[in-house]
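The values are calculated or read from the model by the stated rules, or taken from the named source; none is laboratory data. Note that the structure is predicted; figures quoted are calculated from it, not measured. So basically every Cβ, Gly included, is an ideal-geometry build from the backbone, and we count neighbours across all protein chains shown. What goes into the accessible areas is simple: the full protein's heavy atoms, side chains included, and nothing from ligands, DNA or RNA. Shrake-Rupley method; radii C 1.70, N 1.55, O 1.52, S 1.80 Å.
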Amino acid sequence: MKPLALPRGRKLSFSGRPLIMGILNLTNDSFFPQSRIPDMTSLIERARKMIDDGADILDVGAESTRPGADPVPLEEEERRLLPALKALRKEFPDVVISVDTYKSAIAEAALELGADIINDISGLSFDPDMAKVAARFGVPVIIMHIKGTPKDMQRDPRYEDVIGEIKDFLKEKIEYAVSCGVNPEQIVIDPGLGFGKGHDHNLQILKHVQEFRSLGKPILIGHSRKGTISKILGCKGPEEALYGTLAISAYCAMNKIEIIRVHDVLENRHVVEMIDAIQRA
C-alpha cells in the first residue's frame, strides 16, 4: 500500500503495524465521557500525552456523532474547533492532524489552519462540496460508511447483505471523490462500525474485513469502546470496554488494517506492536 502524501511534504507509511489515530473530542456529549475535553489546557495536555504515547495521527472533532446526537450548527463547530486546531498546530508543528467533520466549510478552514487529513463520517454524503475541498487542498480523505444520520442511524438498521451494501456505498463514493479531482491514492475507507449497524452487523464487518481489500484502499477501523463491545462482554458502559477494544485492535493488527482510531493510545500501541513483532519474527 502506497503512503499517504500530506501537506508540507510529509508522508504516512503503511508498512508494519496499524497507525494509531488518537481521538480528541471537543464536545460535552461524546458517548465516552472521559474522552470529552473541556478547555484548551486540557486539550494540549491530552494531545501531548497521546503524542508521547505513540499516536501517529490526532483526530480532532467538535461535533458528537454518537447515536441520537443532534447536529451542531456550523458557527458552534467553528467556535469549538478552529481555535483548538490553531493551538495544536502551534504547540505541535510536526504532528499529523485529522479533522473530523462532514461540513466542507469547516474542513476548508481547518486545512487553512494546518490540518492534514479530512475524516468525513458521512462518506462525502452530507455536503456535496467536501470532495472538492479535499481535491483543492490535495489532502487525504477518509470516506466512512453510514446508514442514516447520527440522529436516526441506530433506529433498527437493516441490511440484506451488510458487507456487499457497504462495499457498494464505498465504491460509489470513491468514484465520486475521484470525479471531483481527489487523487485516488489519497483515499482511505472506513466501514463505519456503529454508524447505522446493529451488533451483528459490526461483528460481520470485522469477521469479513478482508473483503474490503477489493476496493484497493487503506482501511481504517474505529471500534474504540463502542457499544458492541459492552453488549458482548456485559460491560456497564464504555468505561469498562477497554479490554474488548484491545482485542479488536489485536485482530486488526493480525489483519494488517492500516489505521485504528482509539481513545487509549498507549495500550493500543502496545498491543499492535506486540502483534507486529510476532508477525515479523
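May I have the pair-distance distribution P(r) for the chain, computed from all Cα-Cα distances with 5 Å bins from 0 and rounded to whole percent? All Cα pairs considered, the percentages come to 1, 6, 13, 18, 21, 19, 14, 7, 1, 0, 0.
Using a Debye calculation, one point per C-alpha and no hydration shell, please list log10 I(q)/I(0) for segment 204-250 at q = 0.21, 0.27, 0.30 Å⁻¹ in order. The computed values of log10 I(q)/I(0) come out as -0.72, -0.96, -1.08. When peptides 200-213, 12-25, 47-60 are ranked by their average number of other Cβ atoms within 10 Å per residue, the highest-first order is 12-25, 47-60, 200-213. Based on every Cα atom in segment 32-180, Rg and the maximum pairwise Cα distance Dmax equal 16.0, 48 Å. Cα centroid distance between segment 127-196 and segment 241-263, in Å? Distance between centres, Cα-based: 21 Å.
Structural size metrics of segment 154-203, computed from C-alpha coordinates, are Rg and Dmax of 12.8, 36 Å. Between E75 and D276, the simple spin-label model (points 7 angstrom out along Cα→Cβ) gives 4.5 nm.
With one equal scatterer per alpha carbon and no solvent term, the Debye-computed log10 I(q)/I(0) for segment 73-113 at 0.28, 0.32 1/Å reads -1.01, -1.22. Rolling a 1.4 Å probe across all protein chains gives Y159 an accessible area of roughly 40 Å².
Across all Cα atoms of segment 1-77, the radius of gyration (one decimal) and Dmax (whole number) stand at 14.9, 40 Å. The orientation-averaged projected area of the convex hull spanned by the Cα atoms of segment 40-109 comes to 5.1 nm².
Three semi-axes describe the equivalent ellipsoid of segment 109-174; taken as square roots of 5 times the Cα gyration tensor eigenvalues and ordered largest first, they are 26, 13, 9 Å. With the Kirkwood sum run over all distinct C-alpha pairs, segment 145-253 has a hydrodynamic radius of 14.8 Å. When E76, E239, E45 are compared by accessible area at a 1.4 angstrom probe, the order from most to least is E45, E239, E76.
Taking the helices alone, the chain has a mean residue ellipticity at 222 nm of -12500 deg cm²/dmol, built from -39,500 (n - 2.57) per DSSP H run of at least 4 residues and averaged over all its residues. The mean sequence separation of alpha-carbon pairs under 8 Å and at least six residues apart, normalised by the residue count of the chain, gives a relative contact order of 20 percent.
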